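Student: Okay, here's the structure, questions in a sec.
What follows is calculated from the coordinates using simple rules that are stated; it is not laboratory data. None of the values given here were measured: they were computed from a predicted structure. Positions of Cβ are backbone-derived with ideal geometry, glycine not excepted, and every protein chain shown enters the neighbour counts.
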Amino acid sequence: MSVLSKEHTNLSSVTIGNQLFPVFLKLNELKVLLVGAGNIGLEKLNALLANSPETQISIVAERFLPEVIDLAGKFPGIYSNYRKFQPSDLDGQDLIVIATGDNVLNAEIRSLARERHLLINVADKPELCDFYLGSIVKKGDLKIGISTNGKSPTIAKRLKEVFQENLPDELDISLQQMNQLRNTLKGDFAHKVTELNKVTASLVGADTKISAPEKRKWILWGTALGIILSLVLYSVFSIFVNLYK
Ligand SMILES: C[C@@]1(CC(=O)O)c2cc3[nH]c(cc4nc(cc5[nH]c(cc(n2)[C@H]1CCC(=O)O)[C@@](C)(CC(=O)O)[C@@H]5CCC(=O)O)C(CC(=O)O)=C4CCC(=O)O)c(CCC(=O)O)c3CC(=O)O
Ligand SMILES: NC(=O)C1=CN([C@@H]2O[C@H](COP(=O)(O)OP(=O)(O)OC[C@H]3O[C@@H](n4cnc5c(N)ncnc54)[C@H](O)[C@@H]3O)[C@@H](O)[C@H]2O)C=CC1
């Protein structure tokens, strides 16, 4: 299509790096099965509800952490089942999230889910996952999902914190205004794209872009500064430890 930019059609970068395909699910309209209600179950439940609070979630577990019971009580679509998993738990579900410590059970649920073409996430078992959860930045209607391809969830979490703190809250106001403008534009699709690109051109204008050599310079300086700071902190720490030994 003529309105597609060059980045959309450049596939050369696809063969290396992260090959996961990001989507944003309308989870509020879907049914989720969560097996396991320990610490990890709680984390997954939190992640699901923080993003899509109206989702219907059936939790199946023999033991429920009190925090899970509390959280479940605050949302209308949660059904708690205090018992062992049974295959019929998969009936009518759209998405499966597993958070038990039982590897045999995990593998069994995974294979049952596969038979039924249900997508499954097994917490902390990447090899059994059809999809991963990501770190999420949220500013009103803006949402950014971060994936490190399973390499470092901690980096994903830290990046989330950096974006969450540094992206201005006003971004959401701009989004709402752009949406109003979008609704007033007349004409065909290509004309609308041209107009909306014009209005937002300053965001990617030449003056706001950092050149490649400039970028490299900042990365080098940043890394060097990071190493120096770590060494200084480590030395100060060692001096204190020795002083108070
Ligand atoms: C593959 C994936 C599958 C999945 O679970 O979906 C996975 C796998 C594993 N996580 C492990 C450990 C930790 N996970 C976290 C945190 C998060 N983990 C999340 C996702 C994912 N974790 C998927 C990849 C996402 C990506 O591509 O980046 C986040 C983003 C989303 C969420 O879970 O909601 C959430 C951050 C939420 C936020 O933004 O706050 C922390 C940090 C912390 O808790 O503070 C630690 C400890 C520190 C560390 O190890 O980094 C281990 C080792 C377990 C062990 O050692 O036994 C494995 C297994 C392995 O790697 O083999
Ligand atoms: N807690 C942690 O910080 C971390 C945990 N993990 C892994 O994540 C997994 C879960 O961890 P936790 O939540 O801490 O474990 P947990 O032991 O607190 O919770 C396990 C949950 O699974 C349920 N369960 C087990 N067998 C079941 C069955 N047959 N039917 C229904 N429910 C069943 C239990 O009732 C419980 O609710 C484990 O594999 C653990 O090794 C990995 C990294 C860190």
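Student: Let me make sure I get this right: for region 113-182, a, b and c are the square roots of the gyration tensor eigenvalues over alpha carbons, sorted descending. Under 1.5 in a/c it's rounded, otherwise prolate if a/b > b/c, else oblate. Which is it?
Tutor: oblate
Student: Need one number: nm distance between label points at Lys84 and Lys31, each 7 Å from Cα along Cα→Cβ, rounded to one decimal.
Tutor: Reported label-point gap for Lys84 and Lys31 is 2.3 nm.
Student: Please compute the net charge surrounding Arg63, taking Lys and Arg as +1 and Asp and Glu as -1 over other residues with Cβ under 14 Å from its Cβ.
Tutor: -1
Student: Further, regarding this structure: What is the log10 of I(q)/I(0) for region 161-206, computed with the Debye formula using one identical point scatterer on each Cα and no solvent, at q = 0.33 Å⁻¹?
Tutor: Values, matching the q order: -1.14.
Student: OK, next. Only Cα pairs under 8 Å and at least 6 apart count here; give the relative contact order of region 103-150 as a rounded whole percent.
Tutor: Across region 103-150, relative contact order equals 21 percent.
Student: Relative to the Cα centre, what is the charge dipole magnitude of region 27-133, using +1 at the beta carbon of each Lys and Arg, -1 at the beta carbon of each Asp and Glu, and rounding to the nearest 20 debye?
Tutor: 120
Student: I've got another one for you. Among the GluC sites (Glu not before Pro) within region 41-84, which fall in a DSSP loop and have no more than 15 other Cβ atoms within 10 Å of their own Cβ?
Tutor: Glu54
Student: Calculate, in whole percent, how much of the Cα-Cα pair population of region 1-150 lies beyond 28 Å.
Tutor: Percent of Cα pairs beyond 28 Å in region 1-150: 24.
Student: Checking the table Lys74/Lys157; Lys125/Lys151; Lys84/Lys125; Lys44/Lys74 against a 18 Å threshold on Cα-Cα, which pairs fail?
Tutor: Lys74/Lys157; Lys84/Lys125
Student: Going highest first, how would you order 26-39, 145-158, 188-201, 92-105 by mean Cβ packing within 10 Å?
Tutor: Top of the packing list down: 26-39, 92-105, 145-158, 188-201.
Student: Something else about it: Along the Cα→Cβ direction, 7 angstrom out, place labels at Glu170 and Ile136. What is the inter-label distance in nm?
Tutor: Spacing of the two 7 Å Cα→Cβ label points: 2.7 nm.
Student: Also, I was wondering about something else. How many nm separate the modelled label positions at Phe163 and Lys198, each set 7 Å beyond the Cα in the direction of the Cβ?
Tutor: A separation of 3.1 nm, rounded to one decimal place.
Student: Taking every eigenvalue of the Cα gyration tensor of region 63-181, multiplying by 5 and rooting it, what semi-axes result, largest first, whole Å?
Tutor: 33, 19, 16
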